[in-house]
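Student: The structure under discussion is supplied below as C-alpha cells; questions concerning it will follow.
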Amino acid sequence: MQFRIEHFSEVDSTNDVAKRLAIEGAPEGTVVISEIQKKGRGRKGREWFSPKGGVWMSIILRPKMSPSQAAPLTLIAGLAVAKTLSELYNLKCKLKWPNDVLINEKKVCGVLTEISAGIDRIDYIVAGIGINANIDIDSFPGEFRGVATTIKNELNKEILRDELVEQLLEEFEKLYKIFQKQGFSKLKEEWKKSASTIGRKVRIITDRRTIEGIARDLGENGELFVETQEGIEKIISGDCIHL
Ligand code: BTN
C-alpha cells in the first residue's frame, strides 16, 4: 500500500477530514494526521480528548470485500498499535474488545472505524486511531484521569511521534494484507493472545440491551461470545465494561 500522509496542525476530527477526502476520491492509504483535534470523536458520540502531543490519525481503506466482512478492521488496528508499542518501547499492551488498547488496565489508545458502503460493496472505510503519546496525564479532564494513560506517563519520557506513526503504518499494512488474503482467523488467534477481555466477567451494553457474563471467545468476524446464565450470546457491537 502506498501511504500518503496529509498533515494538519488543527482540525475538528481527522476522521471527518478523511471521510471528506475519501468522498472526493482519495486513494486507499491516504492518512490524515493532525496535531490537535478540536472535536475529536470517540465511539457512541463521546468526546475524545485530543490535545497537542497525541497521535490523532485516520487511514482511508478501500478493501474489496463485503461490508459484513470488514468488522475485524477495528480489532486489527488495535492489534497493530499494541504490537508497535511493544516493539518500539517494550510496553506490554492488552486489548479490550472491541477497540481499546490498555496498559495496566488503563486506556492508551482507542479506534473509531467508520464505513460507507452499499449492500455488497465497500466504498471506503476510515480507521481512526487515537494514541495518547506525549501527553501529561495530569492534563486529562477529571473523568478520564483514572481510566486513561499515556506513553509519556508510562515511560517517563517523550517519544518520537514520527517514528511511532511510521512503525504503526508498517505494522498495520502487514496485518491488513494478511486479513485481505486469509481473512481474520489467523489474526483472531493473535488478537486473543493479547486480549484482556477473554475470560473476564463483562457487562455489554448494546443499542437494545445490557447483558452480563463471561467473555469466552472471539468469532470469525470479530464478534464477542459471552456466556450468560441463558447461554452463549454472540455480540456484534456494543460497549464492553470489564467487571
Ligand atoms: C474510542 O475509544 O472511543 C475511539 C477513539 C478514537 C479517537 C480517534 S483520534 C483520530 C480519529 N479522529 C477522531 O475524531 N476520532 C479518532
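Bear in mind these aren't lab numbers, they're just calculated from the coordinates by the rules spelled out. Owing to the predicted nature of the structure, the values given are computational and were not obtained by experimental measurement. Glycine also receives a Cβ, built like all others from the backbone with ideal geometry; neighbour counts cover every protein chain displayed.
Student: Cut-off 17 Å, label point 7 angstrom out along Cα-to-Cβ of E10: give me the residues of region 17-58 whose amide nitrogen falls inside.
Tutor: In region 17-58, the label zone of E10 (backbone N under 17 Å from the point 7 Å along Cα→Cβ) covers 17, 33-41, 49-54, 56.
Student: Also, quick follow-up: Quick check: net charge around F140, other residues with Cβ under 15 Å of its Cβ, Lys/Arg +1 and Asp/Glu -1?
Tutor: On the way: positive: R46, K52, K106, K107, R145, K152; negative: E47, D136, D138, E143, E154.
After counting each charged neighbour, the total is +1.
Student: OK, next. At q = 0.08 Å⁻¹, what base-10 log of I(q)/I(0) does the Debye formula yield for the chain when every alpha carbon is treated as an equal point scatterer in vacuo?
Tutor: -0.28
Student: Roughly what percent of Cα-Cα pairs across region 88-201 reach past 19 Å? Write out the running numbers ahead of the final one.
Tutor: On the way: 3568 of 6441 pairs.
Percentage above 19 Å: 55.
Student: Set the Förster radius R0 to 25 Å, insert the Cβ-Cβ distance between R62 and K157 as r into 1/(1 + (r/R0)^6), and round the FRET efficiency to 0.05. Please list the in-between numbers first.
Tutor: On the way: r = 38 Å, r/R0 = 1.51.
Step by step, r from the Cβ atoms, then E = 0.10.
Student: FRET efficiency for K94 and E212, Cβ-Cβ distance as r, R0 = 25 Å, nearest 0.05?
Tutor: Result of the calculation: an efficiency of 0.75.
Student: Another question, if that's okay. With charges only on Cβ, +1 for K and R and -1 for D and E, what is the dipole size of the chain about its Cα centre, in debye, rounded to 20?
Tutor: Details: 37 positive and 36 negative charges, 89 e Å.
With only Lys, Arg, Asp and Glu charged at Cβ, the dipole is about 420 debye.
Student: Now, a different point. Just Q37, Q167, Q229 to compare: in a GNM of the chain, with alpha carbon springs under 10 Å, which one fluctuates most?
Tutor: Maximum among the listed residues: Q229.
Student: What number comes out for the charge environment of T84, summing +1 per Lys or Arg and -1 per Asp or Glu over other residues with Cβ under 9 Å away?
Tutor: Details: positive: K83; negative: E87, E170, E171.
So the surrounding residues net to -2.
Student: When D239, D138 are ordered from fewest to most other Cβ atoms inside 10 Å of their Cβ, what list results?
Tutor: Fewest-to-most Cβ neighbours within 10 Å comes out as D138, D239.
Student: Based on the inverse mean of 1/r over its pairs of different Cα atoms, what is the Kirkwood hydrodynamic radius of region 133-183, in Å? Please list the in-between numbers first.
Tutor: On the way: mean 1/r = 0.0766 Å⁻¹.
One over the average 1/r among Cα pairs gives 13.1 Å for region 133-183.
Student: Take the residue pairs K83/K193; K39/K192; K83/K186; K157/K193 and return only those whose Cα atoms are more than 23 Å apart.
Tutor: Values: K83/K193 12 Å; K39/K192 32 Å; K83/K186 15 Å; K157/K193 28 Å.
Violating the 23 Å Cα-Cα cut-off are K39/K192; K157/K193.
Student: Using a Cα-Cα cut-off of under 17 Å, which lysines could be cross-linked to K64, ignoring same-chain neighbours fewer than 8 residues away?
Tutor: Here the lysines satisfying the reach criterion relative to K64 are K174, K177, K181.
Student: How large is the dipole of region 1-142 about the Cα centre if only Lys and Arg carry +1 and Asp and Glu carry -1, each at its Cβ, rounded to the nearest 20 debye? Intermediate values should be presented prior to the final figure.
Tutor: Numbers: 19 positive and 16 negative charges, 75 e Å.
Dipole of region 1-142, to the nearest 20 debye: 360 debye.
Student: Of all alpha-carbon pairs in region 201-242, indicate the percentage at a distance above 15 angstrom.
Tutor: Values: 248 of 861 pairs.
In whole percent, the long-distance tail amounts to 29.
Student: For the chain, what proportion of DSSP beta bridges, expressed in % and rounded to the nearest 5, is antiparallel?
Tutor: Values: 46 of 55 bridges.
About 85 percent, rounded to the nearest 5.
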